[in-house]
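> Could you have a look at this structure, given as C-alpha cells, before my questions?
The values are calculated or read from the model by the stated rules, or taken from the named source; none is laboratory data. In this text the structure is predicted, and so the values were computed from the model without any measurement. Cβ: placed from backbone, ideal geometry, glycine included. Neighbour counts: every protein chain shown. The protein model used for the area step is the full one, side chains on, heavy atoms only, and it has no ligands, DNA or RNA in it. Shrake-Rupley method; radii C 1.70, N 1.55, O 1.52, S 1.80 Å.
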Amino acid sequence: MNNIFSKGLLIITLISSFLVFCIFFIIFYLCIDLFSLDELKSFFSFTWSVQDNKYGILTFLFGSFIISFLALILGFVFSFSICSIIFLTNSSLIKFFLEKTVLMMATIPTVIYAFSALFIFVPFISYFKPSSTLSIIVASVVLSLLIIPTMSLIFLNIFNSLSKKYMKCCMNLSISKEEFFFKFVIKNSITQLSQGVLLATTRALGDTMIVLMLAGNALAFPTSIFDSTRSLTSHIALIFANDFESMAFKAIFLCAFLLLSSNFILILIIRKIKGKTYEV
Amino acid sequence: MKKLLLTLITLSLTFLNASDLKVFENLKGTLNIAGGTAHIKCEKEAIKNIMRKYPDITISIAGGGSGIGIKQVSSKIIDLANSGRKPTQKEIENGDLKLFRFAIDGIGVIVNPKLNIDSLTTKQLQDIFSGKITNFKELGLSNAPINLYTRDESSATRKVFWKRALKKSPISNKARVVSSNAAMKTAISKDENAIGIISLGVANDSVKLLNINGVKPTVENINNDSYNVARGLYLLSSGEPSKLASAYISYLRSNEGAKIVSKYGFIPINE
C-alpha cells in the first residue's frame, strides 16, 4: 500500500514538474521571435506608446518590483510582530485569535481585498493626500495584507518547531521565554525567515487583481510612492485585447518571461539557502 | 358556459401577451457574449427576460472591453461580441465579422458630484487630458490636483472620446487606467478630484456629467447632432450568426428591446 502511494506521489510530482517545464518552454518559445528582432531593444526602454510604435516594458518591471518591495517591508513587519506576539504571549485567547486571523486572511480571495480597499482605503488615503488615490502606496499596503499569511505561517512553523525541541531545555536552564525567543529562536531561524520572505515576494510579484485595481496603471515612470504605476501582471491583463499579430501583443510574452524568470530565480535562491544546525 | 368563458379569457390573454420574445420559440442552447462594458446592464435585462420565459436557453455575458470582444468572436471563443465601435476593415476581414448595430450611446466627461464645475470647452479638455492643466485652480476652482482617469487602449469608449471630443489630442501617460465603465464610475465617485470618461448609459447619480462646449450630453442632443461624442453599440458575429444569436439580435432590435435600450440611456436603432 505504501509502495503504491509513494509511486503515485512520484508520478504526480513528475507530471507537475513536466507541466511547469512546459509552461516555461512555451513562454520562451513564444518569446524567441522577439530575440531575433531588431526591435528587441525597443522592449527594454521606459516608454510604452502603441501609437508611436514604442513598446518599452521596463517601467512595468520597475512597477512590479517597487510595489512588491514596499509590500514586503510592510508585510514582514506585521508578520514578524504577529508571530512574535503569538510566541511570547501567555494568553491562550490572544494566541488563538491571532492564529485564526492569519489563517482566515489566507482564505480571502485577492479580489475581495482589492474591492474592499477601493471603497474603504482609497477614500481614506485621498483624504490625507488628494493626489494619490490609486497609487503605489495603496497597492503596496493592500498587497502586504495578501502576503502576511504566507510569511506568518512559515515563521510560526519554525518558531514552533524550535520551541518544541529546545524550550523545555532552556527553561530548565532558567532562561526566560523572552531570552529564549530573542537570543535563540530568531538567531537560529534566519534561514527560514529568509525563505518566507522570498516566497512572499514570489506571491507579491505574481498578483494581478490588487495591482490592476489599486495601482492606477499609469504608463509614466513613477517618481514617488504616491504616483500611479503599472506592473507586468496588470500590463498583461490590459493589453491582452490587442491584435494577435501586433507588437503590443508580443510584448505580453516578454512580460510573462520576465515574471517567470524572476520567480524562478527567487525559488532557486530559496532552495540554495541551506538550513543551519541549531546552536546557542 | 364556464369552459367557454375560460377559453375566451385565455385566448385574449395570449393575444395581448404576444411578445417580441416569440422569436425564441422552439430554440434552445447556450449563447456566449462578451466585450464592451457599456452594453452589459441593458443586455442583462434582455437576457433575464429571455431566460425567464425560455429556461432551455442559457445566455452568458461578460465584459473585457470591445477589443477583447472582437478578438474572442474572431477566434470563435464566443458567439457574439459587444463592441462600442465599428471594427476596422482589417478586423472585419480577419474575423469575417458581421455587424449588427442596435443602439447609439453617448460618451461623457464625468467628475465627482462634489466638484463645482459644469462645463468644459474642447481646448480645456485637450489640456486636461494631455496633462498641460494639472490643477483645478487653472480652471478657476480651488487649489486641488486633477486626478485624471482614462480607459485601457483597447477600449472603444476611449477611442471614440479621443477622436470626437479630444480631436485626437494626446492623452497623458500619467492618467490612471481603469478597465471598464463600471470601474471608472467607482473610481470617480470615490475621488473628489477625479475626472474621467464614461458611456452615458452607465453614468448615474454617483458621478456628475459635464457639458462639452456648453452642450449637455443628453439623448435629445445626440439625436439632433449638437452633442457628437457618440458611437454605435454593435453586436458582432463571426460569419452568419446562429439561429439563437439571430433571435437575440432581433429581440434587441424589436419594440421590447428598444424599450429596454431606452431605459438604460441609449438610443435604440434598427438597421
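> Checking buried surface per residue: for the range B:32-74, which residues lose a minimum of 50 Å² accessible area in the protein assembly relative to the chain alone (1.4 Å probe)?
B:LYS71
> For A:ASN160, what is the net charge nearby, where nearby means another residue's Cβ is under 12 Å from its Cβ and Lys, Arg count +1, Asp, Glu -1? Could you put the intermediate results ahead of the total?
Details: positive: A:LYS95, A:LYS164, A:LYS165; negative: A:GLU99.
For residues surrounding A:ASN160, the net value is +2.
> Could you tell me the calculated FRET efficiency between A:ARG271 and A:ASN157, based on Cβ-Cβ distance and R0 = 22 angstrom, to the nearest 0.05?
Numbers: r = 17 Å, r/R0 = 0.79.
The pair A:ARG271/A:ASN157 has a calculated efficiency of 0.80.
> Now a separate question. Among DSSP beta bridges lying fully in chain B, give the percent that are antiparallel, nearest 5. Could the numbers behind the result be given before it?
Numbers: 24 of 41 bridges.
Beta bridges within chain B, antiparallel portion: roughly 60 percent.
> Please give every one of the lysines within straight-line cross-link reach of B:LYS243, meaning a C-alpha to C-alpha distance under 18 Å, and leave out same-chain neighbours fewer than 8 residues apart.
Excluding near neighbours in sequence, the set is B:LYS22, B:LYS28, B:LYS53, B:LYS76, B:LYS98.
> List the residues of the range B:180-195 that lose 40 Å² or more of accessible area once all protein chains are present, compared with their chain alone (1.4 Å probe, heavy atoms only, no ligands or nucleic acids).
B:THR186, B:LYS190
> Just to confirm, what accessible area per residue do you get for the protein assembly as shown at 1.4 Å probe, in whole Å²?
On the way: 27690 Å² over 551 residues.
Per-residue value: 50 Å².
> Considering only DSSP beta bridges with both partners in the protein assembly as shown, what is the antiparallel share in %, to the nearest 5?
60
> Would you mind calculating the relative contact order of the range A:140-233 from Cα pairs under 8 angstrom and at least 6 residues apart, reporting the percent as a whole number?
Relative contact order, the range A:140-233: 30 percent.
> Please determine, in degrees from 0 to 90 and to the nearest 10, the orientation of helix A:2-35 with respect to the longest principal axis defined by the Cα atoms of chain A, where the helix direction is its Cα long axis.
Long axis of A:2-35 versus the principal axis of chain A: about 30 degrees.
> Using only Cα atoms and rounding to the nearest 10 degrees, what angle (0 to 90) does helix A:136-172 make with the longest principal axis of chain A?
20
> Given charges of +1 on the Cβ of Lys and Arg and -1 on the Cβ of Asp and Glu, with all other atoms neutral, how large is the dipole of chain B about its Cα centre, in debye to the nearest 20?
Values: 38 positive and 23 negative charges, 31 e Å.
In total the dipole reaches around 140 debye.
> What is chain B's relative contact order, in percent, from Cα pairs under 8 angstrom and six or more apart in sequence?
Relative contact order, chain B: 29 percent.
> Follow-up question, since we're still on this one. Got a sec? Which residues of the range B:130-156 lose 50 Å² or more of accessible surface with every protein chain in place, vs. that chain alone, 1.4 Å probe?
The answer is B:GLU153.
> Within 10 Å of each Cβ in peptide B:168-176, how many partner chain Cβ atoms are there on average? Round it to a whole number, please.
Working: counts 1, 0, 3, 2, 3, 8, 9, 6, 11.
Averaged over the peptide's residues, the number is 5.
> Which net charge results when you count Lys and Arg as +1 and Asp and Glu as -1 among the other residues whose beta-carbon is under 14 Å from that of A:PHE221? Before the final figure, lay out each step's value.
On the way: positive: A:LYS54, A:ARG230, B:LYS174; negative: A:ASP227.
Residues near A:PHE221 contribute +2 overall.
> Something else now. Determine, from the Cβ-Cβ distance of B:SER262 and B:THR121 and an R0 of 41 Å, the FRET efficiency 1/(1 + (r/R0)^6), rounded to the nearest 0.05. Before the final figure, lay out the partial values.
Working: r = 30 Å, r/R0 = 0.73.
So the FRET efficiency works out to roughly 0.85.
> If Lys and Arg each add +1 and Asp and Glu each add -1, what is the summed charge of the other residues whose beta carbon sits under 15 Å from the beta carbon of B:ASN173?
Details: positive: A:LYS54, A:ARG230, B:LYS132, B:ARG151, B:ARG158, B:LYS174, B:ARG176; negative: A:ASP52, A:ASP227, B:ASP152, B:GLU153.
With Lys, Arg at +1 and Asp, Glu at -1, the neighbours total +3.
> If I model a spin label as a point 7 Å beyond the Cα along the Cα-Cβ vector, how far apart are those points for B:SER250 and B:LYS90 in nm?
So the label points at B:SER250 and B:LYS90 sit 3.7 nm apart.
> Still on this model: Give me the distance in nm between label points sitting 7 Å out from Cα along the Cα-to-Cβ direction at B:GLU240 and B:SER130, one decimal.
Result for the modelled spin labels: 5.0 nm.
> Continuing with this model, one more query. For A:SER224 and A:PHE119 in the same chain, what is the full-extension length gain: residue separation times 0.36 nm, less their Cα-Cα distance, in nm?
Taking A:SER224 through A:PHE119 to full extension adds about 35.5 nm, to one decimal.
> Sticking with this one: How much of the accessible area of the range A:38-272, in percent, comes from carbon and sulfur atoms when a 1.4 Å probe is used?
Carbon and sulfur together cover 70 percent of it.
> Could you tell me the total accessible area buried at the B-A interface, probe 1.4 Å, in square angstrom to the nearest hundred?
2000
> What is the list of residues in the range B:106-131 whose amide nitrogen lies under 20 Å from a point 7 angstrom out from the Cα of A:LYS54, following Cα to Cβ?
Once the point is set 7 Å along Cα→Cβ of A:LYS54, B:127-131 turn out to lie under 20 Å by backbone N, inside the range B:106-131.
> Which value in nm describes the separation of the simple spin-label points at A:VAL77 and A:SER174, placed 7 Å from the Cα toward the beta carbon?
Roughly 3.9 nm, to one decimal.
> Here is a further query. At a Förster distance of 41 Å, what's the computed FRET efficiency of B:ASN228 paired with A:PHE24, Cβ-Cβ distance as r, to 0.05? Intermediate values should be presented prior to the final figure.
On the way: r = 51 Å, r/R0 = 1.24.
With a Förster radius of 41 Å, E is 0.20.
> Additional query: Mind checking which of A:ILE32, A:ILE236, A:ILE252 has the largest fluctuation in a GNM of chain A, springs on alpha carbons under 10 Å?
With Cα springs under 10 Å in chain A, the top fluctuation among A:ILE32, A:ILE236, A:ILE252 is at A:ILE32.
> Leaving out ligands, DNA and RNA, and with a 1.4 Å probe, what % of the accessible surface on the range B:25-113 is carbon or sulfur?
50
> Give the relative contact order (percent, whole number) for chain A; include only Cα pairs under 8 Å separated by 6+ residues.
Numbers: 329 pairs, mean separation 70.5, N = 280.
The value is 25 percent.
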